[in-house]
Amino acid sequence: MTILEVQNVSKQFGGLKALQDVCFSVNEGTIFGLMGANGAGKTTLFGVIAGQIRPNGGSISFAGKPLAGQRPDQICRLGLGRTFQIVRPFGNLTVLDNVIVSAMYGAARTHRLADATQAGRRALEDVGLAPLADQLAASLTLSNQKRLEIARALATGARLVLLDEVMAGLTATEVAEMTETLFRLRRERGLTILIIEHVMGALMNLSDRILVLDHGVPIAMGSPEQVVADENVLKVYFG
Amino acid sequence: MTGKPFMIAAFAIVAGLMALVPQLGSEYWLGVAFIVAMWIALIQSWSLLSATTGYISLGHAVFYGIGAYVLVVSLDWMPVPYALALSGAAAGLLALVVGLPVLRVKGPYFVILTFGFAELVKNLVMLLETRLGQFSRMIFDAPSLEALYYAMLVLAVIATAIAAWTAQSRFGRGLAAIRENEVAAEAIGVPVTRLKLFAFVASAIIPGIVGGLLVLRTSYFAADQAFDPAVSFTIVTTAIVGGLGRVSGPLLGTLFLVILSELLWARFPQAYMMILGGLLIVFILFVPQGLAGLIRKGLGRA
Amino acid sequence: MFQQLLFAAVVSGALYALVALGLNLVYGSLRLLNIAHGDLVMIGAYVAFWSFTLLGISPVVSLATTTVLCAAFGFLVYVVLLKRQLGSPALAQRLEANSLIIFYGLSVILQNGASLAFSATSRGYQFLDGVHSFGGVSATGSMLLLLGVAAAVTLGALAFLRFHVAGWSLLAVIERKDAAAVVGVNVERVQMISICAGFAIAGVAGVLVSMTQQITPFMGFPFTIAAFVVVIMGGLGNIAAGIAAGFVLGFIETFGVALTSATYRSILIYGIFVGVLLLRPQGLFGKAVQAR
Ligand SMILES: Nc1ncnc2c1ncn2[C@@H]1O[C@H](COP(=O)(O)OP(=O)(O)O)[C@@H](O)[C@H]1O
Ligand SMILES: [Mg+2]
């Protein structure tokens with residue numbers, strides 16, 4: 001069953017075409033990878049889906065509902081969470097308080113503090129941050145702040161999460177752990193994941209399907225095997 | 001020892017002691033207590049917007065001034081309690097109307113915009129008064145100081161209770177998320193615009209009523225005094241000296257301010273203002289946690 | 001009549017452009033919103049006033065003394081309040097967020113200090129007040145001097161930025177502080193010089209104001225607001241556009257007041273200020289910050 005449908009989405013920044021006629025759809029419970037060089041428009045695409053950036057054209061629907069004209073907080077409450085490539089922790093709040101707000105305001109709308117705390121702790125455990133729950137978010141290392149980004153998106157009670165380069169800067173062991181975590185989340189929570197990653201191996205490993213962007217243009221889509229064999233992709237990546 | 005029941009008990013004792021001040025039978029102490037309650041009410045209200053969301057308002061005198069103006073005008077038509085309610089409503093309405101455009105402006109630009117906006121309204125009211133041929137207005141049969149004091153004390157208690165409730169509520173957590181990172185707050189589902197507007201309106205209502213009460217106390221209204229930017233300045237300075245983000249901050253700040261002002265204001269007004277300016281700079285740069293934070297640290301070590 | 005108004009507009013436009021130039025320098029290179037900027041204008045005005053009335057020193061000489069005094073004051077503020085804070089990124093961020101409130105504290109100190117020292121009485125003196133007429137315009141010598149000095153300083157600054165190496169490094173810091181540091185610009189020094197120059201320019205403007213208007217300890221704030229309007233209209237670091245915007249404000253104010261009455265002056269200035277900020281909520285940069 002399709003959970004996210006992106007049709008002919010375009011975005012221009014002044015004269016720069018950051019996205020051109022991007023189309024794809026994501027099935028519920030799958031992991032969908034997004035690939036492309038720096039500046040290809042991946043983060044912009046996340047912004048358009050999650051409502052921070054208004055597209056110049058095209059349409060997006062999530063769980064059958066069109067997202068056009070919805071604010072980011074409304075989109076989040078529909079069950080769509082995102083992380084930010086350049087992390088945005090609530091620095092002067094504790095790690096636990098970061099996820100509690102998420103649980104209180106996100107799709108889960110857990111108004112009671114006790115319930116929100118429970119949901120928050122679970123999200124922290126999912127990403128391995130539980131031991132740091134009482135630290136200030138600003139004091140975390142960058143890779144832990146990336147984990148916090150994921151935990152915050154999870155705590156909203158999202159059915160679909162958009163993960164933007166959450167593995168950048170992790171060691172090989174940590175990448176393997178994170179891959180395991182994402183598989184487990186899909187299994188246990190029935191989560192759908194849309195993921196941008198530069199760590200190619202991990203992306204191939206994780207994704208059921210992959211979309212490749214080049215200068216805002218979709219150049220290939222399919223299973224990891226199909227994509228690595230695609231001649232457009234080979235041309236762009238290996239000249 | 002600094003647990004929640006302890007704090008509630010401490011606040012209740014302070015409020016109870018303040019309620020006894022009229023029994024002293026001293027006009028002087030009643031006047032001082034009135035001023036103490038006034039600043040507590042103003043600063044707790046201001047904090048509801050500025051300490052929680054980080055949108056520092058340098059123009060809160062505008063709500064206080066509008067409240068004063070509405071009271072002095074409406075007193076011809078209705079009894080005092082209704083006029084006071086109208087003062088609060090007018091201030092809240094003003095915040096509601098200007099809130100959406102004003103709250104789109106961020107960071108330092110918001111700060112300076114609130115200042116400019118307050119000056120604009122002040123000049124508009126002054127122009128209006130001149131046009132109406134009024135240079136100042138007098139009030140003749142104002143309620144007794146004792147009655148006004150009790151009203152002010154109730155406002156101070158309500159404002160403090162709202163601050164305490166907000167600090168641990170879902171609403172307060174949403175505001176804190178906005179202060180920390182507005183884009184991220186919106187991405188996790190916080191309805192940023194609505195919450196900011198709500199806090200803005202809520203932070204305007206009590207200052208409106210306070211403005212009305214103060215006009216009743218002085219029995220005199222002149223626009224340039226009612227909208228005096230020194231009021232906004234004093235609110236911000238006292239809040240920062242007391243400590244942002246703690247319910248006890250405004251209380252400590254007010255205590256400090258009122259002592260300083262009783263010692264200096266009447267005889268050396270400029271020196272008093274200069275000291276406030278200096279305190280503002282020193283606390284912002286070197287004691288950002290304020291007196292409340294210092295005391296907490298001191299208690300922790302003891 | 002029209003020529004006379006036009007001349008008045010040019011004079012006040014030149015003054016606004018000059019005051020805003022100083023603000024633009026400080027904001028551009030330090031990212032600090034100096035709400036006490038107008039109070040430096042006030043200080044310059046008092047230096048000129050006392051030099052003239054007590055010692056008989058010509059305001060022309062005071063231009064030099066104020067430059068030195070205000071630059072020294074800028075240096076003091078830099079060393080005492082800013083240097084250590086700007087050194088560490090975390091503190092610098094806090095400083096930037098709170099600069100307006102810090103400078104507000106400074107503004108209150110300067111205003112009340114002046115009021116304590118000189119009383120709140122408004123004061124003035126007569127200098128070059130002979131009237132010259134040409135082409136339907138009557139102007140006092142002091143107005144012409146004001147115009148000449150303001151033009152010389154502003155054009156001098158423009159030329160310096162365009163043609164001198166040190167000017168380029170200043171522009172580089174305004175544009176991208178981090179990148180400037182990478183290519184070897186001594187950012188700290190540029191910042192220190194900017195704040196001295198910004199303060200000095202405000203002081204010079206104050207000397208000019210004192211020749212043509214009454215002065216009081218609280219005269220500074222309208223200049224701060226006007227300077228903010230100009231800088232926001234012109235855009236940050238865009239010194240040339242700032243100068244143009246100064247004239248635009250001078251014209252709006254002069255003709256606006258002529259069409260209504262003097263009581264509308266503050267309303268006009270504050271109204272423009274609020275309007276400009278509401279229309280450009282992202283402030284001086286003019287670039288929307290997008291979620292990344
Ligand atoms: N807010 C913006 N304004 C102007 N250009 C932008 C903005 N955001 C991104 N861009 C440009 O759009 C292109 C795509 O950027 P981005 O989506 O961040 O790429 P990616 O995430 O694939 O590295 C880049 O050339 C970038 O410079
Ligand atoms: Mg990116």
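Filtered by the rule that a residue be open to solvent by 10 Å² or more (accessible area, probe 1.4 Å), over 24 Å from C:GLY156 (Cα atoms), assigned to a helix (DSSP H, G or I) and of a type outside the set (Val, Ile, Thr), the stretch C:13-63 gives C:PHE49, C:TRP50, C:SER51, C:PHE52, C:LEU54, C:LEU55.
Is the stretch C:78-91 home to any residue that is within 14 Å of chain B (Cβ to nearest Cβ), farther than 15 Å from C:GLY206 by Cβ, among the polar types (S, T, N, Q) and part of a helix (DSSP H, G or I)? Yes; the residues of the stretch C:78-91 include at least one that is within 14 Å of chain B (Cβ to nearest Cβ), farther than 15 Å from C:GLY206 by Cβ, among the polar types (S, T, N, Q) and part of a helix (DSSP H, G or I).
Residue count for the stretch A:211-236 under the criterion of being away from ligand 1 (no atom under 14 Å from the Cβ) and either touching a residue at least 40 places away in the same chain (Cβ under 8 Å) or not charged (D, E, K, R) (or both): the result is 12.
Here C:PHE218 qualifies as surrounded by fewer than 24 Cβ atoms within 10 Å (Cβ to Cβ) and in a loop (DSSP other than H, G, I, E, B).
Here the stretch A:59-75 is the region considered, the condition is being touching a strand residue (DSSP E or B) at 6+ places or on another chain (Cβ under 8 Å) and surrounded by 15 or more Cβ atoms within 10 Å (Cβ to Cβ), and the residue that is nearest to the other protein chains (Cβ to nearest Cβ) is A:ILE75.
When you scan the stretch B:164-187, do you find a residue that is of a type in the set (S, T, N, Q) and closer than 30 Å to B:GLN270 by Cα, even just one? Scanning the stretch B:164-187 turns up no residue that is of a type in the set (S, T, N, Q) and closer than 30 Å to B:GLN270 by Cα. Across the stretch B:31-55, the qualifying residues are those that are touching a Phe, Trp or Tyr at 6+ places or on another chain (Cβ under 6 Å) and part of a helix (DSSP H, G or I), and the one among them that is surrounded by the most Cβ atoms within 10 Å (Cβ to Cβ) is B:LEU49. As for the stretch A:102-111, it holds no residue that is open to solvent by less than 50 Å² (accessible area, probe 1.4 Å) and within 16 Å of ligand 2 (Cβ to nearest atom).
Filtered by the rule that a residue be open to solvent by less than 10 Å² (accessible area, probe 1.4 Å), under 24 Å from A:VAL199 (Cβ atoms) and within 14 Å of chain B (Cβ to nearest Cβ), the stretch A:153-173 gives A:ALA153, A:LEU154, A:LEU160, A:VAL161, A:LEU162, A:LEU163, A:ASP164.
Among the candidates B:LEU299, B:LEU260, B:LEU280, which residue alone is more than 7 Å from every other protein chain (Cβ to nearest Cβ) and closer than 16 Å to B:GLY243 by Cβ? It is B:LEU299.
Rundown of residues vs (1) within 21 Å of B:ILE178 (Cβ to Cβ); (2) at the interface with chain C (Cβ under 10 Å from one of its Cβ atoms), yes/no style:
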{"position": "B:TYR69", "(1), (2)": "no, no"}
{"position": "B:VAL73", "(1), (2)": "no, no"}
{"position": "B:ALA83", "(1), (2)": "no, no"}
{"position": "B:LEU86", "(1), (2)": "no, no"}
{"position": "B:ALA91", "(1), (2)": "no, no"}
{"position": "B:ALA95", "(1), (2)": "yes, no"}
{"position": "B:LEU103", "(1), (2)": "yes, yes"}
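A single entry from A:THR44, A:THR94, A:THR83 fulfils the requirement of being within 16 Å of ligand 2 (Cβ to nearest atom) and in contact with an Asp or Glu (Cβ under 6 Å, 6 or more places away or on another chain): A:THR83.
For every residue, the table says whether it meets (1) open to solvent by 50 Å² or more (accessible area, probe 1.4 Å); (2) closer than 20 Å to A:THR44 by Cα; (3) more than 16 Å from ligand 2 (Cβ to nearest atom).
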{"position": "A:VAL127", "(1), (2), (3)": "no, no, yes"}
{"position": "A:LEU136", "(1), (2), (3)": "yes, no, yes"}
{"position": "A:SER143", "(1), (2), (3)": "no, no, yes"}
{"position": "A:LEU148", "(1), (2), (3)": "no, no, yes"}
{"position": "A:VAL175", "(1), (2), (3)": "no, no, yes"}
{"position": "A:ARG184", "(1), (2), (3)": "yes, no, yes"}
{"position": "A:ILE196", "(1), (2), (3)": "no, yes, no"}
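Scoring A:ALA37 on the criteria (1) open to solvent by 50 Å² or more (accessible area, probe 1.4 Å); (2) away from ligand 2 (no atom under 16 Å from the Cβ); (3) more than 30 Å from A:LEU129 (Cβ to Cβ) leaves a single failure, condition (2). Can B:GLY293 be described as more than 10 Å from chain C (Cβ to nearest Cβ), within 21 Å of C:LEU81 (Cα to Cα) and open to solvent by less than 30 Å² (accessible area, probe 1.4 Å)? No; evaluated as a whole, the condition is false for this residue.
Which residues, counting only those in the stretch A:68-108, are outside any helix (DSSP H, G or I) and free of Cβ contacts under 8 Å to residues at least 40 places away in the same chain? Listed by number, the residues that qualify are A:ALA68, A:GLY69, A:GLN70, A:ARG71, A:LEU78, A:ILE86.
Considering (1) within 21 Å of A:PHE90 (Cβ to Cβ); (2) more than 16 Å from ligand 1 (Cβ to nearest atom); (3) away from chain B (no Cβ under 14 Å); (4) open to solvent by less than 20 Å² (accessible area, probe 1.4 Å), the lone condition that A:PRO131 does not fulfil carries the number (4).
The one condition from (1) among the small types (Gly, Ala, Ser); (2) within 14 Å of another protein chain (Cβ to nearest Cβ); (3) touching a strand residue (DSSP E or B) at 6+ places or on another chain (Cβ under 7 Å) that B:SER50 does not meet is (3).
Sub-7 Å Cβ pairs linking a first residue in the stretch B:146-161 that is farther than 17 Å from B:GLY88 by Cβ to a second residue that is of a type in the set (Lys, Arg) and open to solvent by 10 Å² or more (accessible area, probe 1.4 Å), at least 6 apart or interchain, number zero.
The values are calculated or read from the model by the stated rules, or taken from the named source; none is laboratory data. Computed from a prediction, not measured in an experiment: that's the story for all the values here. Every residue, glycine as well, gets a Cβ built from its backbone with ideal geometry; the counts of neighbours run over all protein chains shown. Ligands, DNA and RNA are excluded from the accessible area calculation, which covers all protein heavy atoms including side chains. Shrake-Rupley method; radii C 1.70, N 1.55, O 1.52, S 1.80 Å.
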